[in-house]
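Everything on this sheet refers to the single structure shown next.
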Amino acid sequence: MRTHLGNASAGAWRRSRHAALIALALLPAACSDAGPVDGAPEDVLEGETAAAAQALALSFAIDPRKSLLVTETDVVSAFTLEDVLQQLIDQAGASATATPLTVFRQFMNNHRPGSNDPNNIGPSCDDEPPNAGDIEPVFPLDPPPPLPPHPDSEKVQTGSINNWPIFCPRTADDADSDPFADPGSESAYMATTLANRFDLAPPDGAHCGEYRVVFAKRSGITNGLNRNFIIFEARLPNPNPSQGRLGCLPVVDFWLNQSDPAKSPATRAAELHDFYFNGLSGFEPVIHIDHYGPEGGQIRTNEFVRPMGLPLESWSLRQFETAHGGPSGSWLLIVPSFVSDNPAGKLFTSASGDQRVTDFQATFFPSVVERLAASDDINRFAYGTEVPSQYEAGESLMIPLHNNYLNKLTTAPAAFRNSIQAKLTAMGSSLTPEHIVARAQSLACAGCHEPVDADNNASKMILDENGQLVPDNADPESPLDVGLPTNPLKTLVFTHTSEQTEPVDGTSSRQRFRISKMLSDVFLPFRQDVMEDFLLNNPILGFEKPGAWTSPQAQLSVHTGRVVEGISSLEVETPVSFNEIVSPSFSAAGLTVGNKVTLDIFVSPAQPNPSWVGTIEVLISIPSAGIHNQWAGNVVLTPLPRGSFQRIQFASLQTATRNALSAGASDVKLQFNLNVSSNSGPYYLDNVRFED
């Protein structure tokens with residue numbers, strides 16, 4: 001469903017959209033798919049039709065490099081690590097002795113043993129000793145020259161986080177450096193990226209997604225063996241959660257307006273700085289001590305730092321959160337946390353006697369197989385539920401093999417593999433247990449940044465003309481097979497953003513930091529679709545509002561894996577054979593109205609009676625026009641291809657019904673009657689529209 005206002009102004013478009021959607025904001029929220037919600041359509045409208053529709057409705061086209069991922073050096077330079085830390089200090093009410101330098105050093109002291117910590121502020125990486133049974137060896141052989149041998153700290157894990165072992169120490173040089181003394185020094189950090197992650201806002205609008213700023217250590221510009229990234233990933237609260245995602249509209253409008261071609265880089269830099277540090281009207285600033293855990297949001301590091309160089313095996317990704325500490329509780333601390341959505345590698349192995357492993361393999365992982373298998377878009381991969389904290393690893397490593405789930409699966413008990421296969425068979429999926437575990441691996445930090453197969457085959461590292469170990473910029477295909485027709489996993493080797501720059505338009509004197517092919521070709525188009533769909537589409541007809549559609553018989557929930565447009569479809573479980581699925585009343589104002597109701601429907605491949613799947617019919621009511629439960633067509637489901645969304649159309653609407661819709665009736669209601677075998681499905685409905 002698209003809103004078409006011709007060449008109307010942006011203000012008129014917004015007023016029309018607000019009028020059409022404001023009633024929807026008052027609908028009650030219900031339980032929904034609780035996992036990550038990287039939602040966007042694969043095909044909203046086709047080709048030029050979609051572009052034309054968006055051009056009619058949006059005041060200007062969305063530029064992904066202005067409204068989704070900003071890396072222009074003259075824009076991101078408005079952000080400094082010192083300013084971010086100072087804002088957090090001020091919000092914590094920290095003592096006058098707290099400075100960005102003391103907080104930075106405390107942050108980096110998390111990475112070294114307490115015996116080497118002269119400041120003794122906050123935790124150290126060996127505060128929790130590892131369980132002996134969890135320690136895993138690195139590769140037995142040192143790397144060949146000219147690479148240095150493995151340091152002892154890389155051969156033995158001497159600390160733990162969340163009861164899972166970690167290497168200790170790490171980034172010891174940064175704990176004693178001053179990154180603020182000279183902004184041009186190798187020890188300094190520079191902002192490289194601002195990220196709009198509205199796509200992470202859940203269907204119920206519990207929050208408005210995450211808004212990120214990435215700082216990179218300047219040494220990485222020239223030294224591939226001395227790199228570190230600090231990523232502040234703030235989860236922005238929705239000030240009007242009762243309105244659902246509509247409460248986030250000012251944030252999405254703000255990012256849309258960053259694409260305004262009339263805005264100069266200086267204007268955009270000032271507006272983005274104000275958004276992050278001061279916030280929009282009614283919203284908290286993005287950079288806020290409460291937006292970095294434990295209730296949501298985090299600070300992450302992507303580390304490859306050691307003055308004399310470090311073996312390839314030592315790239316690590318860790319997660320932190322802000323906390324109040326000290327005797328009076330007024331100190332600002334940045335403390336280690338487990339890495340979310342990163343189950344420890346041991347959970348995929350054969351490990352008798354460890355209840356965590358037993359429970360993970362018998363209960364948790366089989367319960368998420370359907371959700372991991374549900375999507376053919378890597379952007380939609382998710383567990384569908386929160387990973388229990390006892391399973392989350394202390395750090396994410398892919399080299400060595402600590403968090404290589406596929407490698408661990410080779411030693412897993414047959415019962416674990418069989419339980420995964422049984423779930424896949426029951427849902428009629430052609431995926432294999434290896435595909436499902438690979439999808440879980442791709443959700444882990446290391447699996448996303450360095451996707452490798454069970455043998456750690458990965459993108460190549462090469463020695464440059466200066467003898468530095470650097471990524472091969474050819475961006476080779478990843479060998480990680482996640483069961484998709486084409487492999488989208490192309491990184492910059494360990495990173496998706498870079499310290500290296502390129503011209504903004506290929507010829508301009510303006511520069512921007514490079515990004516990976518995976519970001520430019522896979523992630524950003526998806527996030528752009530999420531943003532456009534939110535601004536243009538009807539959330540009721542797109543099944544975007546949890547709890548909006550109801551049924552006295554069927555079990556309904558939003559689903560973020562199998563989707564045609566927007567961030568969710570409607571999952572329909574059918575415990576009985578006849579199921580009424582009823583919409584709330586909605587307005588037809590601003591909708592393009594054709595003469596037939598069209599629906600996308602997914603019929604499960606696993607059917608109790610393959611020779612008769614059933615039927616679906618649609619009724620329409622517009623009480624203000626005297627139309628009550630008017631029959632509008634019936635479609636037989638048995639001939640439809642199963643296991644993918646299919647477009648179906650019902651009989652032509654009566655003239656009076658079409659006229660009432662075209663007049664913008666505000667009390668329209670649809671009812672789909674699904675007559676199928678009981679306990680079949682689930683079925684998925686998406687993208688209702690009125691088309692010729």
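The values are calculated or read from the model by the stated rules, or taken from the named source; none is laboratory data. If you're wondering where the values come from, they're calculated on a predicted model, not measured in any experiment. We place every Cβ from the backbone using ideal geometry, glycine too, and count neighbours over all the protein chains shown. Each accessible area value is taken on the protein alone, full model and side chains, heavy atoms only, with ligands, DNA and RNA left out. Shrake-Rupley method; radii C 1.70, N 1.55, O 1.52, S 1.80 Å.
Structure notes:
- In summary, Gly566 fulfils each of the numbered conditions (1) at pLDDT below 95; (2) surrounded by fewer than 24 Cβ atoms within 10 Å (Cβ to Cβ); (3) not polar (S, T, N, Q) with the single exception of condition (2).
- Any hit, the range 218-241, residues being farther than 28 Å from His449 by Cα, buried (at least 19 other Cβ atoms within 10 Å of the Cβ) and at pLDDT 95 or above: yes
- Test: residue in the range 371-384 that is without any contact (Cβ under 8 Å) to a residue 40 or more places away in the chain and either of a type in the set (Asp, Glu) or under 27 Å from Pro336 (Cβ atoms) (or both): no
- The residues of the range 266-289 that are open to solvent by 40 Å² or more (accessible area, probe 1.4 Å) and either touching a residue at least 60 places away in the same chain (Cβ under 8 Å) or among the hydroxyl-bearing types (Ser, Thr, Tyr) (or both), listed by number, are Ala266, Thr267, Ala270, His273, Ser281.
- Residue identified as assigned to a loop (DSSP other than H, G, I, E, B), modelled with pLDDT under 95 and either crowded, with 22+ Cβ neighbours inside 10 Å or on the phi < 0 side of the Ramachandran plot (or both) among Ala446, Ala458: Ala458
- The single condition among (1) in contact with a Pro (Cβ under 9 Å, 6 or more places away or on another chain); (2) buried (at least 21 other Cβ atoms within 10 Å of the Cβ); (3) modelled with pLDDT under 90 that Asn116 does not satisfy is (2).
- Count of the range 355-364 residues which are surrounded by 22 or more Cβ atoms within 10 Å (Cβ to Cβ) and touching a Ser or Thr at 6+ places or on another chain (Cβ under 8 Å): 1
- Qualifying residue in the range 543-562 (condition: outside any strand (DSSP E or B), buried (at least 18 other Cβ atoms within 10 Å of the Cβ) and touching a Lys or Arg at 6+ places or on another chain (Cβ under 6 Å)): yes
- Test: residue in the range 186-197 that is buried (at least 22 other Cβ atoms within 10 Å of the Cβ) and farther than 19 Å from Arg512 by Cα: no
- Scan of the range 401-422 for residues that are hydrophobic (A, V, I, L, M, F, W, C) and open to solvent by 10 Å² or more (accessible area, probe 1.4 Å), ordered by number: Leu401, Leu406, Ala412, Ala414, Ala415, Ala422
- Lone qualifier among Ser340, Ser314, Ser352 - being modelled with pLDDT under 85 and open to solvent by 30 Å² or more (accessible area, probe 1.4 Å): Ser352
- All strands (runs of 3 or more DSSP E) inside the range 461-526 with 2 or more residues being in contact with a Gly (Cβ under 9 Å, 6 or more places away or on another chain) and at pLDDT 90 or above: 497-503
- Here Ala656, Ala660, Ala651, Ala632 are screened, and the one residue that is more than 15 Å from Phe578 (Cα to Cα), at pLDDT below 95, over 36 Å from the mean Cα position of the chain (by Cα) and not aromatic (Phe, Trp, Tyr) is Ala651.
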